[in-house]
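> Next up is a structure, given as structure tokens.
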Amino acid sequence: MAIRERKKLEKSLKPHWVWAIAFGSAIGWGAFVLPPDWMSDAGPLGVIIGLLLGAALMMVIGVSYGFLIEKFPVTGGEFAYAYIGFGRQFAFIAGWFLTLGYMCIVALNASALSLLAKFLFPDIMAIGTMYTVAGYDVSIMQILVSSLAIIIFGLLNIRGAKFSGNIQFIFAMVLITGIVLLGLGAIFIEGPSFSNATPTFKPDQSMIVSILTILALAPFAYVGFDNIPQAAEEFNFKPQKAFGLIIWSLLAAGLAYSAMILITASTMPWQDLLNVINSRNIEWGVGYAIESYMGRLGVFIIAAAVSMGIFTGLNGFLISSSRLTFAMGRARILPNAFRQLHPKYNTPYVGIIFTILICLIAPWFGREALLWVVDMSSTGVAIAYFFCTATAYKYFAFSEAGQKKNPKAVVSPGRKLFSLLGLLSALGFLVLLLFPPLPSSLGQESYIALGVWILLGIVFYFANQKRYNDISRKDMNYLILEKEEI
């Protein structure tokens with residue numbers, strides 16, 4: 001039967017490659033571009049505590065991911081988990097929001113490359129300035145740089161997961177080396193001092209508010225560790241290792257973020273640094289801070305590090321976006337083309353090309369407008385976390401009495417507690433993002449973008465629901481999970 005056709009991805013990813021996909025995607029460009037913005041919201045210590053607490057909460061959520069990857073090692077991640085726990089309608093919701101989130105981050109990483117080029121070669125990047133969007137000048141050179149990066153990494157991904165995983169690991173190692181060199185410079189070169197990081201919290205704002213403001217960003221800051229389940233079908237190792245890879249990738253990401261906050265804040269009194277950045281309209285504050293004590297050598301090091309961060313983000317989220325659309329195509333919620341594999345490289349090339357085409361639109365709108373959409377995508381990521389942890393919660397039991405009520409449940413009170421805490425954390429992130437009185441809530445433009453995406457999802461679902469819903473439960477189980485009973 002044609003409906004039972006289920007193409008499979010090649011098992012070619014090694015453990016350290018998968019770790020690099022998760023770590024590199026979680027770090028991306030953010031650690032090298034956003035510290036001044038975050039410090040202005042919370043102060044250096046407020047940012048570090050908020051980010052490390054966020055990493056800890058992500059680890060709690062990671063318990064659920066580790067279990068579900070072990071039990072269902074298929075591509076699709078939260079799309080598959082939402083289906084297992086709540087059915088096909090909720091699977092579509094999780095998949096719809098995640099697709100947007102992944103594509104936004106691909107586009108934002110590409111725009112960060114233009115930002116880097118603009119800092120290094122301001123005159124060249126100003127060539128062909130056409131218009132301004134939300135105060136950001138858009139030039140043809142910026143569009144070309146971002147577009148070229150998207151196209152190159154899309155073509156590299158078509159070449160195969162083995163190739164993508166290998167270069168991802170190399171990029172991640174160069175990124176870590178860059179952070180270490182910048183840290184050594186801050187310690188041993190005259191000028192930088194940890195005393196510059198005072199006051200440690202934002203003045204005229206409570207410590208709790210400062211920490212919560214940053215904590216709300218955790219779904220965005222660490223999105224990338226959930227690329228691991230997207231690649232689960234391609235593991236060439238036992239899926240039981242996935243949980244350890246999640247924990248180590250989150251720990252490394254949290255430490256990398258914290259190191260860059262400390263390095264940036266130590267260069268000069270951080271409030272003075274923010275004043276200089278704002279008064280001179282400096283677009284890359286971290287680059288300016290590093291140059292102030294390491295000169296052009298520091299600029300070269302951080303340029304190399306941020307390039308690696310951008311490349312790992314581009315590569316990692318192209319992998320995940322294409323695997324997610326492949327899983328949704330295999331489940332027949334997306335057109336049949338999405339479940340096709342490249343005849344030579346056995347990769348989901350249609351999803352890769354689709355991601356490229358969508359992301360090539362973004363550079364024309366400028367970086368500020370893109371940030372509105374990315375802020376909104378944090379909501380989608382938190383929704384995906386909720387479905388994963390809620391499904392895991394249903395699969396654990398506190399005792400044998402609970403197992404009698406649900407024979408499929410595994411008696412594991414510790415992991416059930418962690419899945420519950422993860423579930424509550426995901427709901428907490430949604431409250432922080434969507435409750436307007438809180439300073440961490442989305443801006444007006446992000447709410448509008450969220451509303452537009454929800455409306456598009458409703459239209460898309462009703463346009464495709466007949467084919468999607470006509471498939472029997474047994475056939476859908478097979479298409480998504482490669483098993484008829486769950």
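> For segment 359-486, take N as its residue count and report Rg(C-alpha) divided by 2.2 N^0.38 Å.
1.39
> Another question about this same structure. With axes computed from alpha carbons, what is the tilt in degrees of helix 413-434 against the longest principal axis of the chain, rounded to the nearest 10 within 0 to 90?
60 degrees
> Please report how far the C-alpha centroid of segment 291-356 lies from that of segment 416-486, rounded to the nearest whole angstrom.
If you average the Cα positions of each part, the centres end up 22 Å apart.
> Counting only protein heavy atoms, what percent of the accessible surface of segment 200-275 is carbon or sulfur at a 1.4 Å probe? Write out the running numbers ahead of the final one.
On the way: 1780 of 2590 Å².
Within segment 200-275, the accessible surface is 69 percent carbon and sulfur.
> Apply the Karplus curve 6.51 cos²θ - 1.76 cosθ + 1.60, θ = phi - 60°, to the phi angles in segment 328-337 and return the couplings in whole Hz, x for Gly and Pro.
5, x, 5, 8, 6, 8, 10, x, 4, 4
> Next question, about the same structure. Can you return the lysines within cross-link range of residue 416? Criterion is Cα-Cα under 22 Å, with same-chain partners fewer than 8 residues away left out.
Answer for residue 416, where 22 Å is the Cα cut-off: 71, 241, 394, 404, 405, 408, listed by chain and number.
> Can you give me the accessible area per residue for the chain, using a 1.4 Å probe, in Å²?
In whole numbers, the chain has 39 Å² accessible per residue.
> So how tilted is helix 367-395 from the main axis of the chain? Cα-based, degrees 0 to 90, rounded to 10.
With rounding to tens, the tilt is 40 degrees.
> As I understand it, the value is the acute angle between the Cα axis of helix 349-359 and the longest principal axis of the Cα atoms of the chain; what does it come to in degrees, rounded to 10?
Around 40 degrees separate the two axes.
> Which of rounded, prolate or oblate describes segment 114-208 when judged by the alpha-carbon gyration tensor and an a/c cut-off of 1.5?
Oblate.
> Here's another thing I want to ask about it. Within 10 Å of each candidate Cβ there may be at most 15 other Cβ atoms; applying that plus a DSSP loop requirement, which trypsin sites (Lys or Arg not before Pro) in segment 396-432 survive?
Taking segment 396-432 and a limit of 15 other Cβ atoms within 10 Å, the loop trypsin sites (Lys or Arg not before Pro) found are 408.
> Then there's this: Quick one: which of 75-88, 17-30, 303-316 comes out on top by average Cβ neighbours within 10 Å, and what's the full order, highest first?
17-30, 303-316, 75-88
> Another question, then. Taking θ as phi - 60°, what are the ³J(HN,Hα) couplings along segment 292-309 by the Karplus curve (6.51, -1.76, 1.60), each to the nearest whole Hz, with x for Gly and Pro?
Coupling constants for segment 292-309: 5, 10, 10, x, 5, 4, x, 4, 4, 5, 6, 5, 5, 5, 5, 4, 5, x Hz.
> Let me ask something else about it. Counting only residues 5 or more places away or on other chains, whose amide H sits under 5 Å from the amide H of residue 397 once H atoms are built in the peptide plane?
Close amide H contacts, sequence-distant or interchain: 410, 411, 412.
> From the Cα gyration tensor of segment 330-406, with a ≥ b ≥ c the square roots of its eigenvalues, which class applies: rounded if a/c is under 1.5, or else prolate if a/b is larger than b/c, or else oblate?
In terms of gyration-tensor shape, oblate.
> Can you tell me which of 192-202, 332-342 comes out highest on packing, and rank the rest after it, using the mean Cβ neighbours within 10 Å?
Values: 192-202: 16.6, 332-342: 18.4.
The densest-packed peptide leads the list: 332-342, 192-202.
> I need the shape label for the chain. Rule: rounded when a/c is under 1.5, else prolate if a/b > b/c, else oblate, with a, b, c from the alpha carbon gyration tensor.
In terms of gyration-tensor shape, prolate.
> A further question on this structure: Carbon and sulfur atoms: what percent of the 1.4 Å accessible area of segment 1-122 do they account for?
68 percent
> Based solely on its DSSP helices, what 222 nm [θ] is calculated for the chain when runs of n ≥ 4 H residues each add -39,500 (n - 2.57) and the sum is averaged over all residues, nearest 500 deg cm²/dmol?
Value at 222 nm, helices only, nearest 500: -24000 deg cm²/dmol.
> Now a separate question. Post the alpha-carbon centroid distance, segment 45-76 to segment 102-136, in whole angstrom.
The two parts, judged by their Cα centres, are 31 Å apart.
> Report, ordered by chain and residue number, the aspartates and glutamates lying within cross-link reach of residue 202, taken as a straight Cα distance under 18 Å and ignoring same-chain residues fewer than 8 apart.
37, 41, 272
The values are calculated or read from the model by the stated rules, or taken from the named source; none is laboratory data. Quick caveat, the model's predicted, so the values are computed rather than measured. Positions of Cβ are generated from backbone atoms using ideal geometry, with glycine treated the same way; all protein chains shown enter the neighbour counts. Just the protein is used for accessible areas: all its heavy atoms, side chains included, with ligands, DNA and RNA removed. Shrake-Rupley method; radii C 1.70, N 1.55, O 1.52, S 1.80 Å.
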